[in-house]
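For reference, the structure I am asking about is given below.
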Amino acid sequence: MRIAVIGAGHAGVEAAAAAAAAGADEVSLYSAESSLPYFRPRLVAMGFGQASPDSIRLHQADWYAGRRIALRLNTPARRLKLEPLAVVTDAGEEPADAVIVACGATPMRPPVPGLDGPRVHVLWNMADAAALHAALHPDGHLVILGGGILGIEAALRAIEAHQSVTIVERLDHLMPAQFGPRAAALLLEQLTARGIRIHTGRTLTRVESRTDPKSLGLLLDDGTQLACDYMLLSAGARPALDLAQVSALHTRRGIVVAPTLQASAARVFAAGDVAELPFATRCAVREAAAQGHLAGTNAVAAARGQPGAIYKTVLLPLTYKAQGFEVNAVGLADGPGCETQVLETRQANAFRALILQNGVLVGVQMIGTREEFDDYAAKVQSAQSR
Ligand SMILES: Cc1cc2nc3c(=O)[nH]c(=O)nc-3n(C[C@H](O)[C@H](O)[C@H](O)COP(=O)(O)OP(=O)(O)OC[C@H]3O[C@@H](n4cnc5c(N)ncnc54)[C@H](O)[C@@H]3O)c2cc1C
């Protein structure tokens, strides 16, 4: 039995290992990248010179060989043939008994004139991180577009790498997906105290590339002009759907999957950032790995003509702690009928709040502390799973 896994990120590597453990004779793991699979969140550290490529590998090469996983680096899958099932690469067509699509996501590039020019970076794969690191020079000025957790982590790391940093966020406050305005006001204060300049509620309207000296001129919608040496886009990501669409799999925002993670074709599964599953936490390593594991097991079952197990989503908290800066959040940041109940905290310069929707606990927000966070998070998770 031959199982094909497309994409060697967190979902794909887990899927390949699970398929091998479930008894597949041969597992092919196709990767569009040239490096051994790595822990993607550590790219931020790598981009600012605080981690080496070797230190962020998920496994060494012999780990794959020892599990009968044929890791095919530099081998993007171009298309799936559905009947009979086969993966099409530049080298030709390779038959498979079941396939797992784990192509991940790609960063968004807002349609702003000049944003596709030089000195504008993204940070999504190892080549991006290497390019950012190569571009940095001492005391450079970096503008980060996007005030979500990735933008904030990049800002903190850039400060550590002796850059001066400005964040531009389109919405009215930082981390809008996790925090309401009161928590975000404290976030703003803490980041500003570290020297990070922040423009919230501002849209970037134009980027001009200058040659002498090499720099960028930015124009915001209120007329503010900024000059910087380079930019980092951190404006969200969307599922990488090219392969699914060209293969006629059913897609909406992502690849639509059944609770067994089966896509719209027989013996084809999807897992991780590319899959669209109600209630799943998007863009999270643990979620991608858990989906990959189940998809790998279910692909082997499907190849044997057996039914698959059901994927159970768990609402995952977002937790980030570094250099004395800490945020913890889970569930809704706001919504219809929501009220914020601020709790006392033992920590100075900290914030704790519960989000109640019609009296039911639906979210927890903490900055600078995690007092009782796990207990409250468990209550939010159990309310969501009911
Ligand atoms: C900079 C950064 C920091 C992050 N920090 C955190 C964090 O702190 N905590 C957290 O939980 N999550 C974090 N995330 C999100 C997390 O990394 C993703 O949710 C997770 O990697 C998703 O796993 P995946 O396997 O679905 O996709 P990915 O890890 O993106 O892997 C997909 C792989 O598929 C490959 N691929 C795509 N198309 C093809 C094709 N046709 N053929 C072959 N290969 C293909 C891609 O090149 C890629 O290597 C971060 C993400 C980034 C980019």
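How do the pairs read when you match residues in region 120-143 that are closer than 16 Å to Cys228 by Cα with residues anywhere that are buried (at least 20 other Cβ atoms within 10 Å of the Cβ) and aromatic (Phe, Trp, Tyr), using Cβ under 6 Å and keeping only pairs 6 or more apart or on different chains?
From region 120-143, the pairs are Ala135/Tyr230; Leu142/Tyr230.
Exactly one of these conditions fails for Leu187: (1) under 20 Å from Ala237 (Cα atoms); (2) surrounded by 16 or more Cβ atoms within 10 Å (Cβ to Cβ). Give me its number.
Here Leu187 meets the rest and fails (1).
Any chance region 334-341 includes a residue that's surrounded by 12 or more Cβ atoms within 10 Å (Cβ to Cβ) and closer than 30 Å to Thr260 by Cα?
no
Just give me the residues in region 15-65 being over 21 Å from Ala102 (Cβ atoms) and free of Cβ contacts under 8 Å to residues at least 12 places away in the same chain, in sequence order.
Ala51, Ser52, Asp54, Asp62 - these are the residues of region 15-65 that are over 21 Å from Ala102 (Cβ atoms) and free of Cβ contacts under 8 Å to residues at least 12 places away in the same chain.
Pairs under 8 Å by beta carbon, first residue among the aromatic types (Phe, Trp, Tyr) in region 170-188, partner part of a loop (DSSP other than H, G, I, E, B), six or more apart or different chains?
Between residues of region 170-188 that are among the aromatic types (Phe, Trp, Tyr) and residues that are part of a loop (DSSP other than H, G, I, E, B), the close pairs are Phe179/His173; Phe179/Ala333.
So that you can scan it fast, the table gives a plain yes or no per residue for (1) acidic (Asp, Glu); (2) out of contact with any Phe, Trp or Tyr (no Cβ under 7 Å at 6 or more places or on another chain):
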| site | (1), (2) |
| --- | --- |
| Ile159 | no, yes |
| Ser164 | no, yes |
| Ile167 | no, yes |
| Gln178 | no, yes |
| Ala183 | no, no |
| Glu189 | yes, yes |
| Arg197 | no, yes |
| Arg202 | no, yes |
| Leu220 | no, yes |
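As an exercise: evaluate Leu174 against (1) assigned to a loop (DSSP other than H, G, I, E, B); (2) modelled with pLDDT under 95; (3) more than 16 Å from the ligand (Cβ to nearest atom); (4) crowded, with 22+ Cβ neighbours inside 10 Å and give the number of the one condition it does not meet.
(2)
Just to verify a result, which residue in region 16-47, among those that are part of a strand (DSSP E or B) and within 11 Å of the ligand (Cβ to nearest atom), is nearest to Ala158 (Cα to Cα)? Write out each step before concluding.
Pass one, region 16-47, residues part of a strand (DSSP E or B): 26-30, 38.
Restricting the remaining residues to those that are within 11 Å of the ligand (Cβ to nearest atom) gives 28-30, 38.
Working: Ser28: 38, Leu29: 34, Tyr30: 33, Tyr38: 21 Å.
Top of the filtered list is Tyr38.
Within region 82-114, take every residue that is hydrophobic (A, V, I, L, M, F, W, C) and under 30 Å from Arg206 (Cα atoms) and give me the one that is farthest from the chain's Cα centre (by Cα).
Step by step, filter region 82-114, then rank; the result is Val112.
Using the structure shown, decide if Gln60 is of a type in the set (S, T, N, Q) and either in contact with a Pro (Cβ under 7 Å, 6 or more places away or on another chain) or more than 30 Å from Ala235 (Cβ to Cβ) (or both). Explain how you work it out, then say what you get.
Values: of a type in the set (S, T, N, Q): yes; either in contact with a Pro (Cβ under 7 Å, 6 or more places away or on another chain) or more than 30 Å from Ala235 (Cβ to Cβ) (or both): yes.
Here the answer is yes, as Gln60 does meet what is asked.
Quick check: anything in region 103-126 within 18 Å of His10 (Cβ to Cβ) and among the polar types (S, T, N, Q)?
Taking region 103-126 and keeping what is within 18 Å of His10 (Cβ to Cβ), we get 103-107, 123-126.
Subset that is among the polar types (S, T, N, Q): 106, 125.
Yes: region 103-126 contains one or more residues that are within 18 Å of His10 (Cβ to Cβ) and among the polar types (S, T, N, Q).
Limited to region 177-201, what total is found for residues that are within 19 Å of Tyr230 (Cβ to Cβ) and part of a loop (DSSP other than H, G, I, E, B)?
First, pick out the residues of region 177-201 that are within 19 Å of Tyr230 (Cβ to Cβ): 195-199.
Subset that is part of a loop (DSSP other than H, G, I, E, B): 195-196.
Counting residues in region 177-201 that are within 19 Å of Tyr230 (Cβ to Cβ) and part of a loop (DSSP other than H, G, I, E, B) gives 2.
Find the residue count for region 86-107, including only residues that are within 12 Å of the ligand (Cβ to nearest atom), buried (at least 17 other Cβ atoms within 10 Å of the Cβ) and in a loop (DSSP other than H, G, I, E, B).
3
Search region 202-214 for residues being in contact (Cβ under 8 Å) with a residue 24 or more places away in the chain and assigned to a strand (DSSP E or B), and hand back the single one that is surrounded by the fewest Cβ atoms within 10 Å (Cβ to Cβ).
If we filter region 202-214 for residues that are in contact (Cβ under 8 Å) with a residue 24 or more places away in the chain, which is where we start, we get 202-209, 214.
From what is left, the residues that are assigned to a strand (DSSP E or B) are 204-209, 214.
Numbers: Leu204: 24, Thr205: 14, Arg206: 14, Val207: 22, Glu208: 14, Ser209: 13, Lys214: 11.
Among them, the one singled out is Lys214.
Do you know which residues across region 242-291 are more than 9 Å from the ligand (Cβ to nearest atom), over 19 Å from Ala19 (Cβ atoms), outside any strand (DSSP E or B) and charged (D, E, K, R)?
If the condition is that a residue be more than 9 Å from the ligand (Cβ to nearest atom), over 19 Å from Ala19 (Cβ atoms), outside any strand (DSSP E or B) and charged (D, E, K, R), then Arg252, Arg253 are the ones that fit.
Please find, among Ala248, Ala244, the residue that is closer than 29 Å to Ala77 by Cβ and buried (at least 16 other Cβ atoms within 10 Å of the Cβ).
Numbers: Ala248 fails: buried (at least 16 other Cβ atoms within 10 Å of the Cβ).
The match here is Ala244.
Each row is one residue, and each column tells you yes or no for (1) under 30 Å from Pro95 (Cβ atoms); (2) modelled with pLDDT of 95 or more; (3) of a type in the set (A, V, I, L, M, F, W, C).
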position: Ala290; (1), (2), (3): yes, yes, yes
position: Ala309; (1), (2), (3): yes, yes, yes
position: Leu315; (1), (2), (3): no, no, yes
position: Phe325; (1), (2), (3): no, no, yes
position: Ala329; (1), (2), (3): no, yes, yes
position: Leu332; (1), (2), (3): no, no, yes
position: Thr340; (1), (2), (3): no, no, no
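Taking the criterion of being among the small types (Gly, Ala, Ser), under 27 Å from Pro111 (Cα atoms) and crowded, with 19+ Cβ neighbours inside 10 Å, would at least one residue in region 270-283 satisfy it? Break it down into steps so the answer makes sense when it comes.
Just the residues of region 270-283 that are among the small types (Gly, Ala, Ser), to begin with: 270-272, 275, 280.
In the following step, the residues that additionally are under 27 Å from Pro111 (Cα atoms) were identified as 272, 275.
If we keep only those that are crowded, with 19+ Cβ neighbours inside 10 Å as well, we get 272, 275.
Yes; the residues of region 270-283 include at least one that is among the small types (Gly, Ala, Ser), under 27 Å from Pro111 (Cα atoms) and crowded, with 19+ Cβ neighbours inside 10 Å.
The values are calculated or read from the model by the stated rules, or taken from the named source; none is laboratory data. What you see is a predicted model; the values in this text were computed from it and never measured. FYI the Cβ positions are ideal-geometry reconstructions off the backbone, even for glycines, and counts take in every protein chain you see.
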